[in-house]
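Worksheet for the structure shown next.
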Amino acid sequence: KKAFCEFDVEKVARFNEKNIERLKKNAEIIRNDLKIRATITNAQAFIKIKEEFGSFDKYSWQFVDGKPIINKRENIKEIPAMTKESTAFSMDLKQRGFKFVGSTIIYAHMQAVGMVNDHIVDCFRYLTNKL
């Protein structure tokens with residue numbers, strides 16, 4: 001968080017070669033050149049989405065028709081690594097210039113932000129995330 005200006009997207013989007021070199025020397029982060037550059041590219045693409053849709057949130061929810069997908073998984077083995085929705089989301093992000101946003105990572109994002117409820121039905125979180 002500290003390395004990327006508290007995740008201030010406007011600041012990260014303006015990072016230049018000097019910032020990249022500083023980050024590549026920072027032992028507290030993954031110092032992969034492609035991933036560092038992708039962070040900057042993704043910040044720039046994120047800003048464009050905010051400008052086009054009003055918010056990244058509004059953009060994101062279109063992939064689930066504006067409401068969470070409530071799955072009824074009986075067993076953790078039933079939870080997929082990706083879905084048609086995460087693949088569509090991923091492909092759209094890539095078309096908009098994002099990097100490192102494959103369908104699997106996007107599905108994990110969708111689960112984390114509540115776009116998908118993949119708690120198994122006997123999990124105490126299943127009912128609390130059904131709203």
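Just one of Arg96, Arg73, Arg37 is among the charged types (D, E, K, R) and in contact with a helix residue (DSSP H, G or I) (Cβ under 6 Å, 6 or more places away or on another chain); which is it? Just a single option satisfies the conditions, and that option is Arg96. Being farther than 17 Å from Glu85 by Cα and acidic (Asp, Glu) is the filter here; which residues of region 99-126 pass it? Across region 99-126, the qualifying residue is only Asp122. The number of residues in region 10-36 that are assigned to a helix (DSSP H, G or I) and surrounded by fewer than 16 Cβ atoms within 10 Å (Cβ to Cβ) comes to 11.
Taking the criterion of being closer than 14 Å to Val101 by Cα and among the small types (Gly, Ala, Ser), the residues of region 26-53 that qualify are Ala38, Ala43, Ala45. Within region 39-65, residues that are on the phi < 0 side of the Ramachandran plot reach partners that are open to solvent by 60 Å² or more (accessible area, probe 1.4 Å) and at pLDDT 95 or above with beta carbons closer than 6 Å, at six or more positions or on different chains, in the pairs Thr41/Lys99; Ala45/Arg96; Phe56/Lys50.
The values are calculated or read from the model by the stated rules, or taken from the named source; none is laboratory data. These numbers come from a predicted model, not from an experiment. Because the Cβ atoms are built from the backbone with ideal geometry, glycine has one as well, and the counts that use them run over all protein chains shown. In case anyone asks, the SASA skips ligands and DNA or RNA and just uses the protein heavy atoms, side chains included. Shrake-Rupley method; radii C 1.70, N 1.55, O 1.52, S 1.80 Å.
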